[in-house]
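Student: Handing you this structure, nothing more for now.
The values are calculated or read from the model by the stated rules, or taken from the named source; none is laboratory data. The shown structure was predicted, so the numbers you read here are calculated from the model rather than taken from an experiment. Positions of Cβ are backbone-derived with ideal geometry, glycine not excepted, and every protein chain shown enters the neighbour counts. Just so you know, the surface numbers come from the protein's heavy atoms only, side chains and all, with ligands and any DNA or RNA stripped out. Shrake-Rupley method; radii C 1.70, N 1.55, O 1.52, S 1.80 Å.
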Amino acid sequence: MPAYNSVFNADPNQPRLVGNFPLLPLRTRTRGPAYVLPAVPGLPPNESPDQDSESYDILDEILAVFRANTFFRNFEIQGPADRLLMYGIWFVSECLTKIKPTATARDATKEVMNTALDVNFALPGDPGWPLNQMYEPPRDRQDAELLKQYMSQVRQELATRLLARVFDAEDGPNGKPSKWWLSFTKRKFMGKSL
């Protein structure tokens, strides 16, 4: 059985590419260069809209396929959206390593959001980027800055959605993390990490 690829590869509207990294629309309130999709009224923060909804975005898909895809050591890229899917899975893995099993929601939020807000992360073409052979670097400095802003926006929104799934809102700020999510802290998608 192959790993799950992105449904956004089949989208007839081609996204803007920086190198070969797509800038797909996001359902977010975080500032950044991404086109903003409409919010779904009444949708709890720990759930995603239906896949057929216009508000369904790549971040919903990353969280939906994360646990299944982390078991795979090989991944065939079938389109540009798969590159963002791979990055998102690596970032979710990094965030989960920051959450300790005994951490409260408040402590974990602080750790994960510090990771998401950190601006010193590698871009495609940088020496610290995993699988540089599969990603093209940005053409120029302006593209690199645009990609950095977009990836920062993705990191912040993905961290927020992940925390909503890992911690039950009913437990409040002193709740414990979900053991079903934390069981994936040691797994590395394709044997790589950010």
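Student: Of all residues in the range 98-110, how many are crowded, with 18+ Cβ neighbours inside 10 Å and either touching a Lys or Arg at 6+ places or on another chain (Cβ under 6 Å) or not hydrophobic (A, V, I, L, M, F, W, C) (or both)?
Tutor: Residues flagged as crowded, with 18+ Cβ neighbours inside 10 Å and either touching a Lys or Arg at 6+ places or on another chain (Cβ under 6 Å) or not hydrophobic (A, V, I, L, M, F, W, C) (or both) within the range 98-110 amount to 2.
Student: Quick check: is even one residue across the range 82-95 under 22 Å from Ala169 (Cα atoms), in contact (Cβ under 8 Å) with a residue 40 or more places away in the chain and among the hydroxyl-bearing types (Ser, Thr, Tyr)?
Tutor: Yes, that holds for at least one residue.
Student: What do you reckon, is Pro138 in contact with a helix residue (DSSP H, G or I) (Cβ under 6 Å, 6 or more places away or on another chain) and open to solvent by 20 Å² or more (accessible area, probe 1.4 Å)? Give the steps one after another, and end with the answer.
Tutor: Numbers: in contact with a helix residue (DSSP H, G or I) (Cβ under 6 Å, 6 or more places away or on another chain): yes; open to solvent by 20 Å² or more (accessible area, probe 1.4 Å): yes.
Yes, satisfied.
Student: When residues of the range 21-31 are filtered for being in a loop (DSSP other than H, G, I, E, B) and either in contact with a strand residue (DSSP E or B) (Cβ under 8 Å, 6 or more places away or on another chain) or loosely packed, with under 13 Cβ neighbours inside 10 Å (or both), how many remain? Spell out how you get there, then give the answer.
Tutor: To start, the set of residues in the range 21-31 that are in a loop (DSSP other than H, G, I, E, B) comprises 24-25, 27-31.
Filter again for either in contact with a strand residue (DSSP E or B) (Cβ under 8 Å, 6 or more places away or on another chain) or loosely packed, with under 13 Cβ neighbours inside 10 Å (or both), leaving 25, 27-29, 31.
Matching residues across the range 21-31 total 5.
Student: Could you list, in sequence order, the residues of the range 32-50 that are closer than 18 Å to Leu162 by Cα and either open to solvent by 30 Å² or more (accessible area, probe 1.4 Å) or of a type in the set (A, V, I, L, M, F, W, C) (or both)?
Tutor: If the condition is that a residue be closer than 18 Å to Leu162 by Cα and either open to solvent by 30 Å² or more (accessible area, probe 1.4 Å) or of a type in the set (A, V, I, L, M, F, W, C) (or both), then Ala39, Val40, Leu43, Pro44, Pro45, Asn46, Glu47, Ser48, Asp50 are the ones that fit.
Student: Moving to a separate point now. Looking at the range 32-48, which of its residues are modelled with pLDDT of 90 or more and in contact with a helix residue (DSSP H, G or I) (Cβ under 7 Å, 6 or more places away or on another chain)?
Tutor: The answer is Gly32, Pro33, Ala34.
Student: Suppose we keep only residues that are hydrophobic (A, V, I, L, M, F, W, C) and in contact with a Ser or Thr (Cβ under 6 Å, 6 or more places away or on another chain) within the range 37-63. Which one would you say is farthest from Ala169 (Cα to Cα)?
Tutor: If we take residues in the range 37-63 being hydrophobic (A, V, I, L, M, F, W, C) and in contact with a Ser or Thr (Cβ under 6 Å, 6 or more places away or on another chain), then Leu37 is farthest from Ala169 (Cα to Cα).
Student: Among the residues of the range 67-85, write down those that are at pLDDT 90 or above and part of a helix (DSSP H, G or I).
Tutor: Correct list: Pro80, Ala81, Asp82, Arg83, Leu84, Leu85.
Student: Something else now. If I go through the range 9-19 residue by residue, how many of them are of a type outside the set (Val, Ile, Thr) and either modelled with pLDDT of 90 or more or open to solvent by 70 Å² or more (accessible area, probe 1.4 Å) (or both)?
Tutor: Matching residues across the range 9-19 total 6.
Student: Now for a different question. Only one residue in Ala159, Ala164, Ala144, Ala116 is in contact with a Cys (Cβ under 7 Å, 6 or more places away or on another chain) and open to solvent by less than 90 Å² (accessible area, probe 1.4 Å), so which one is that? Even if it seems obvious, please write down each step before you answer.
Tutor: Values: Ala164 fails: in contact with a Cys (Cβ under 7 Å, 6 or more places away or on another chain); Ala144 fails: in contact with a Cys (Cβ under 7 Å, 6 or more places away or on another chain); Ala116 fails: in contact with a Cys (Cβ under 7 Å, 6 or more places away or on another chain).
Testing whether each residue is in contact with a Cys (Cβ under 7 Å, 6 or more places away or on another chain) and open to solvent by less than 90 Å² (accessible area, probe 1.4 Å) leaves just Ala159.
Student: Within the range 129-147, count every residue that is at pLDDT 90 or above and among the hydrophobic types (A, V, I, L, M, F, W, C).
Tutor: Matching residues across the range 129-147 total 3.
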